[in-house]
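First the structure, in the form of structure tokens, and then the observations on it.
Rule-based calculations on the coordinates, nothing more; no lab input. In this text the structure is predicted, and so the values were computed from the model without any measurement.
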Amino acid sequence: MRLDIFKPIQELVKRFPLRSNTLQPNGILQELYREMEQKKRLGIDENAFVPNHYVVFLNNIDLEEISPLIATITEQLKKRLGERIKTRGYRLLAPITLEIKDCNNLEMNEIDVESTFNNVQASVMESKKPKQAPLQDSGRQAVNDEGRRTHIFEERATHFIDNTKLKLEVIAGENVGEIISLQSGTFTFGRGRDVKIQLCDEEETISRTHFEISINEGKAYIRDLKSTNGTKVNDIVVADSVEIQTGDTIAAGNVILMVA
């Protein structure tokens, strides 16, 4: 059973009551997951690199509402991100850092996340570069300026290679909107710790090892691994290995993935 890492915040909420429709930490976490998956880059081997620096932007009213809890929320978000990175086998250039800032361009309960690949080498490179005139951008000048400088480091110094062969988007269940990127090879899916791709499923409708996807020579195939509730492709139960293509849906318990 998965522990709720945000439980310590409940005691703080009793002391600092929030409005009934206030922004919830889990909502921020899902946006961080989405940003991490969208920005991940592949290196020379099969383990993808993901950003280590994240900036969460909130409406100034939302930020003021959670301000008594912001230090605790920040640490819990970093912890959950770290757990996801470890589970997925991703790698970091440096420890995770996370900031929560206000942005007047956002509506209440709206969340925006930006991320960058930062490490010591990037900082050294920046200190040697001549200063440039500030970029003009409404409300995001410092962050975007930093992002553009880091982008130079990402492409010229790190040489990330995107070898993604297949993308899956979660369209039903927990973590809707999350993107799962796969390279060539065989990937097991399920809610257990031993699979390569762990799917969140608090109701345990997904088996610990539920199905696998194999990608080879540009083609992808899926087969059920004797799961309790079975696997469906386009609402048809999978018996043997079946080829999947863009637009197909994969149903495993309460979770539905779409081949993007």
**Q.** Members of 101/165; 86/219; 167/232; 40/167 lying beyond 24 Å, as alpha-carbon distances in this model show
**A.** 101/165; 86/219
Q) With θ set to phi - 60° and the Karplus curve 6.51 cos²θ - 1.76 cosθ + 1.60, what are the ³J(HN,Hα) couplings of region 189-202 in order, to the nearest whole Hz, using x for Gly and Pro? A) 10, x, 9, x, 7, 8, 7, 6, 10, 8, 9, 6, 7, 5
**Q.** Cut-off under 5 Å, modelled amide H: who pairs with residue 118 long-range
**A.** 52, 53
